[in-house]
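Student: This structure is in structure tokens; I'll ask about it shortly.
The values are calculated or read from the model by the stated rules, or taken from the named source; none is laboratory data. Predicted model only: the values in this text are computed from it and were never measured. Quick reminder, even Gly has a Cβ in these numbers, built from the backbone with ideal geometry, and neighbours come from all protein chains shown.
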């Protein structure tokens, strides 16, 4: 039975191997050559100055693929063209491994000069010492924080310090199929849905869709678990005035059980009333193939629907079902990870780049994202893009997570878990809130 | 003579050296390191803090850990006996003299060449509601009315069935080959003698084939138990451990703890727990085998 021993051993070993192997050599593209930092520290030059002096090379790690990946590459190419003294080199990492790689690489001193972080992930990175604060370097680079949407910006400020430059927000919005809405008599002359912004109004809207359209058509395409129904719940919870599910000091769980249950109950009824197809295997495809009247997801879907042939759709903020406008959302931000040298020239160049990307948000908006600078939203280039202006105002009503280091863990290990049960009608909304409170507390005290 | 032997040993060692270096560096050393980890709060970037036996204490009180361990055990209990029966059945079919012999052999083995991701995604398509193969066939046969759907992947019990069936289909090939070769090692004279004595098919199977297969059965059982305790990827892809973590195996919990919760120390502790369990199982099996061997 030697064989089984070696297999036992292999089990253990491969586990430990797996665990320790990620300690090192993740430096693909991470080791930018040491910068020619001294030589000519040309002080007080304007940020976009195309003057002489040494070239600064910045390594930039991103987690974008598909349309996002292409748009980011376009931005980088444009930037390199217009800034002869700075070269940004893009390394695309797989999204699923991005944060793990970033954290380990920075821990080893092999991290990039510039990186991307979600706003919701930022506190965790700050806590681990992966991200540096930006206030001094922002002054040097001439960044005007006032030019950013303050709702997005404030979500990246932790303990009064700036840690990131937001380049977008990607909130949860609603899409509708114009043809199906017209068939149901719910499309106004302005091409927008006829929909009363209230709890009953939205319900009536869906009920009409269900009655008027063939039974094969799904009134409301939504996944039955995890992200998107959670985002809808978060939006409604926030519309009711719910203020996250962790306390202000981030130390304890604070689920507003009454509001949470009311929001969960409303979403649950969308499932039990048959508006949402039960266990829909692919709700994106359902909507994309014209068999669903409305759907809700993040703004990134705009680019997908646009590239679908002969697909007439519209986009709008999710309806104000309860007391105040609010929705779920997150932002991509540009961060300056901790590096060995923390070279001020590089840091300055990096922030010039970050601010430039934010200022050229109309390119980034091609995937569907809302730019982080109001001036971009006002610009003609942005207005020329269809659909985006229909939901750009949502940027100011996105309800972000509080800066807890455990946002993602709370979402994955508590929120998804119990809310999924509510959607499957296996747990009552009230019970789920009790469990959620316990679950969040458990994650926070671990 | 002695000199020659010594030289042969050195030569052998030199040949082994490249492997040994890799083995020690990437297998043995991490294993030692892993033990050290269990006594620390250890994050991905090695923010370390010595915590003594805390990880072990925490583990024993961790309901999630026990649940996950139980789920892995359920998987072992579901798949091991069924795997044995299925593998023997397929081997019997493929061992019969028939024109389709070669066809059977390749068809039964074929799924084993797939990678776990491919096998799992195929399984996912088969068990998916609305468009999946199983539900479509059931609709076609009229077993399931058009208005109803069976949600294989979101009901805990059904999910276990789906996961087990996919795993059986995917991994039975290897065990089938083991049984087939063992069957071919059974001398024909014994069968002939039995037939001459007037034994029927059933008697031949229970009195001759099965006893002769018992050594390989033991091996397969052990391999199967160990492999099943390590189940992770197919469940991760098919149900993601859901619903409500009801199908989450221990390895998934270890993975999530280590890489999602950034808590490598505790993840290592659970890994060693699993290691200890598998070690004990192997020892039990070893002892039983040896005792029987001595008696025979």
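Student: Taking segment B:221-236 only, how many residues are surrounded by 19 or more Cβ atoms within 10 Å (Cβ to Cβ) and more than 11 Å from chain A (Cβ to nearest Cβ)?
Tutor: 5
Student: Here is a list of conditions, (1) buried (at least 23 other Cβ atoms within 10 Å of the Cβ); (2) farther than 29 Å from residue A:401 by Cβ, and residue A:217 meets all of them except one; can you say which number that is?
Tutor: Here residue A:217 meets the rest and fails (1).
Student: Give me the helices (runs of 4 or more DSSP H) completely within segment B:1-108, filtered to those with at least 3 residues that are under 30 Å from residue B:183 (Cα atoms), ordered by residue number.
Tutor: B:63-95
Student: For segment A:164-206, name all the residues that are touching a strand residue (DSSP E or B) at 6+ places or on another chain (Cβ under 8 Å) and closer than 20 Å to residue A:268 by Cβ.
Tutor: A:172, A:174, A:205, A:206
Student: Does segment A:417-431 hold any residues that are within 20 Å of residue B:247 (Cα to Cα) and either at pLDDT 95 or above or surrounded by 18 or more Cβ atoms within 10 Å (Cβ to Cβ) (or both), and which are they?
Tutor: The answer is A:417, A:418, A:419, A:420, A:421, A:422, A:423, A:424, A:427.
Student: Looking at B:133, B:140, B:153, B:178, which one is within 14 Å of chain A (Cβ to nearest Cβ) and free of Cβ contacts under 8 Å to residues at least 12 places away in the same chain?
Tutor: Residue meeting the stated conditions: B:133.
Student: Return the total of residues in segment A:393-428 being away from chain B (no Cβ under 14 Å), assigned to a helix (DSSP H, G or I) and more than 27 Å from residue A:275 (Cα to Cα).
Tutor: Of the residues in segment A:393-428, 3 are away from chain B (no Cβ under 14 Å), assigned to a helix (DSSP H, G or I) and more than 27 Å from residue A:275 (Cα to Cα).
So that you can scan it fast, the table gives a plain yes or no per residue for (1) more than 21 Å from residue B:223 (Cβ to Cβ); (2) within 14 Å of another protein chain (Cβ to nearest Cβ); (3) in contact with a helix residue (DSSP H, G or I) (Cβ under 8 Å, 6 or more places away or on another chain); (4) in contact (Cβ under 8 Å) with a residue 12 or more places away in the chain:
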| site | (1), (2), (3), (4) |
| --- | --- |
| B:12 | yes, no, no, no |
| B:35 | yes, yes, yes, yes |
| B:42 | yes, yes, yes, yes |
| B:70 | yes, no, no, no |
| B:88 | no, no, yes, yes |
| B:103 | yes, no, no, no |
| B:106 | yes, no, no, no |
| B:109 | no, no, yes, yes |
| B:112 | no, no, yes, yes |
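Student: Quick one: is residue B:236 under 21 Å from the mean Cα position of the chain (by Cα) and farther than 28 Å from residue B:162 by Cβ?
Tutor: It is false that residue B:236 is under 21 Å from the mean Cα position of the chain (by Cα) and farther than 28 Å from residue B:162 by Cβ.
Student: Additional query: Mind checking which residues of segment A:367-388 are at pLDDT 90 or above and part of a helix (DSSP H, G or I)?
Tutor: Answer for segment A:367-388, where residues must be at pLDDT 90 or above and part of a helix (DSSP H, G or I): A:374, A:375, A:376, A:377, A:378, A:380, A:381, A:382, A:383, A:384, A:388.
Student: Checking the conditions here, which among A:292, A:326, A:358 is buried (at least 21 other Cβ atoms within 10 Å of the Cβ), within 14 Å of chain B (Cβ to nearest Cβ) and at pLDDT 90 or above?
Tutor: The conditions single out A:292.
Student: Follow-up. On the given criteria, is residue A:366 within 17 Å of the chain's Cα centre (by Cα) and surrounded by fewer than 21 Cβ atoms within 10 Å (Cβ to Cβ)?
Tutor: Judged against the criteria, residue A:366 is a match.
Student: Next question. Of the residues A:244, A:249, which single one is free of Cβ contacts under 8 Å to residues at least 12 places away in the same chain, in the same structural domain as residue A:418 (by TED's automatic domain parsing) and over 29 Å from residue A:183 (Cα atoms)?
Tutor: A:249
Student: A further question follows. Based on what the data block shows, is residue B:179 within 30 Å of residue B:101 (Cα to Cα) and crowded, with 21+ Cβ neighbours inside 10 Å?
Tutor: yes
Student: Right, another one. From A:104, A:100, which residue is part of a helix (DSSP H, G or I), touching a residue at least 12 places away in the same chain (Cβ under 8 Å), within 14 Å of chain B (Cβ to nearest Cβ) and under 18 Å from the mean Cα position of the chain (by Cα)?
Tutor: A:100
Student: Let me ask something else about it. Considering only residues that are under 24 Å from residue A:444 (Cα atoms) and modelled with pLDDT of 90 or more, which ones fall in segment A:104-126?
Tutor: Within segment A:104-126, A:117, A:118, A:119, A:120, A:121, A:122, A:123, A:124, A:125, A:126 meet the criteria.
Student: What are the pairs, 6+ residues apart or on separate chains, where a residue within segment A:58-71 that is under 14 Å from residue A:98 (Cβ atoms) and outside the structural domain of residue A:305 (by TED's automatic domain parsing) has its Cβ under 6 Å from a residue that is buried (at least 22 other Cβ atoms within 10 Å of the Cβ) and at pLDDT below 90?
Tutor: Note: pairs meeting the criteria are A:68/A:367.
Student: Oh, and also: When you check residue A:445 against the structure, is it farther than 13 Å from residue A:230 by Cα and out of contact with any helix residue (DSSP H, G or I) (no Cβ under 8 Å at 6 or more places or on another chain), yes or no?
Tutor: So residue A:445 passes the test.
Student: Restricting to segment A:369-410, count the residues that are out of contact with any helix residue (DSSP H, G or I) (no Cβ under 7 Å at 6 or more places or on another chain) and crowded, with 21+ Cβ neighbours inside 10 Å.
Tutor: 3
Student: Now a separate question. In segment B:237-263, what count of residues is obtained for those that are part of a helix (DSSP H, G or I), in contact (Cβ under 8 Å) with a residue 24 or more places away in the chain and more than 9 Å from chain A (Cβ to nearest Cβ)?
Tutor: Qualifying residue count, segment B:237-263: 5.
Student: Looking at segment B:44-64, which of its residues are free of Cβ contacts under 8 Å to residues at least 40 places away in the same chain, more than 24 Å from residue A:125 (Cα to Cα) and over 26 Å from the mean Cα position of the chain (by Cα)?
Tutor: B:52, B:53, B:54, B:57, B:61 - these are the residues of segment B:44-64 that are free of Cβ contacts under 8 Å to residues at least 40 places away in the same chain, more than 24 Å from residue A:125 (Cα to Cα) and over 26 Å from the mean Cα position of the chain (by Cα).
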